[in-house]
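Okay, structure first, notes after.
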Amino acid sequence: MSTESLRIVWVYPDLLSTYGDRGNMLILAHRAQQRGLSVETLEVRSDERLPTSADIYLIGGGEDGPQALGAQRLLADGGLHRAVTNGAVVFAVCAGYQLLGRSFYAKGTRCSGLELVDLTSDRAPTRAVGELAGVIDPRLGLPPLSGFENHGGRTQLGPGVAPLARVTTGVGNDGATEGAWYGKVLGTYSHGPALARNPALADLLLRWAIGAAHLPALDDSWSERLRDERAAAVTAAARQ
Ligand code: GLN
């Protein structure tokens, strides 16, 4: 951790907040505070410089136009690259995930990504909309992923990049794998918001940020109920 407080940045609320992913910041801040950590949250608009010394950067989903503009501004700003070089954690969802890669499609045009992770996104003929579930990379030691997806892009990972999960319901990257992680940069197609539906994933990001192997357990009965409800919905949909 860079300072006395855990610093969490919500990147570009004016562009990449369409799908409710800002909830990821609320969950992270809440779970950190429940462990007695002091937390500073910062929302940085796309016409402002991104600070480079924060601990966790969160990027949300967005429609094609704001996604393309967000990528241009992040590239021009350069702050996210410096933050990653400084060891920051990045958690990016859908449009935010795609723009971390080499390139992505928006409004029929190939756009340059940030090249923070070796991945490329193309456009599929149909949108992937619905529940998204998967078995997370065992090296991360997390329970199954639960989320909701809504995207037209499909993503291929480069050889050094690991998928976040193997898909059991939905599409994710390509119908087989979902999301990616590389160092302390993690991307997913999962909305929900993802960290409300996957509190263990929130704790993984916190552990990466503070360099802790474990965090004290919290009462997660509310999120367990949410996860059970969504898992039951996935099973019921599969039976129809
Ligand atoms: N515009 C991107 C796509 O459709 C991302 C959508 C999103 O963030 N949900 O693929």
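Observations on the structure shown:
- You can think of it this way: the chain between R82 and S5 has 25.8 nm of extra reach, that is 0.36 nm per residue less the Cα-Cα gap.
- HN-Hα J in Hz across segment 117-127 - Karplus 6.51, -1.76, 1.60, θ = phi - 60°, x for Gly and Pro: 9, 7, 8, 9, 10, 10, 10, 9, x, 10, 7
- Residues V117, V167 arranged by fewest to most Cβ contacts within 10 Å: V167, V117
- Volume per residue for segment 73-136 equals 111 cubic angstrom (convex hull of Cα atoms).
- Rounded to whole Å, sorted largest first: equivalent-ellipsoid semi-axes of segment 24-152, Cα gyration tensor: 24, 21, 13
- When the alpha-carbon atoms of segment 1-75 are used, the pair Rg, Dmax equals 12.9, 40 angstrom.
- What you get for segment 104-201, charging only the Cβ of Lys and Arg (+1) and of Asp and Glu (-1), is a dipole of about 140 debye around the Cα centre.
- Between A124 and R239, the contour length at 0.36 nm per residue exceeds the Cα-Cα span by 38.8 nm.
- Cα lying deepest toward the dipole's positive end in the chain, options G192, A83, G134, charges on Cβ: G134
- Farthest toward positive dipole pole in the chain [+1 Lys/Arg, -1 Asp/Glu at C-beta], among S103, G65, P51: S103
- Based on Cα contacts under 8 Å between residues 6+ apart, segment 1-140 shows a relative contact order of 22 percent.
- Stokes-Einstein diffusion for segment 143-225 at 37 °C, viscosity 0.692 mPa s, with a Kirkwood radius from C-alpha pairs, works out to 238 µm²/s.
- Charged-residue dipole, Cβ positions (Lys, Arg, Asp, Glu), the chain about Cα centre, Debye nearest 20: 300 debye
- Only DSSP H runs of four or more residues enter the estimate; each adds -39500 (n - 2.57), and after division by the residues of the chain the mean residue ellipticity at 222 nm equals -9000 deg cm²/dmol.
- Between W222 and S112, the modelled label-to-label distance comes to 4.4 nm, taking each label 7 Å out from Cα in the direction of the beta carbon.
- Each principal axis of the Cα cloud of the chain was taken in turn, and the coordinate range along them, longest first, works out to 52, 45, 32 Å.
Values quoted throughout were computed directly from the atomic coordinates according to the rules given, and no laboratory measurement underlies them. Since we're looking at a predicted model, the values are computed, not measured. Don't worry about glycine lacking a Cβ; one is built from the backbone with ideal geometry, like all the others, and counts go over all protein chains shown.
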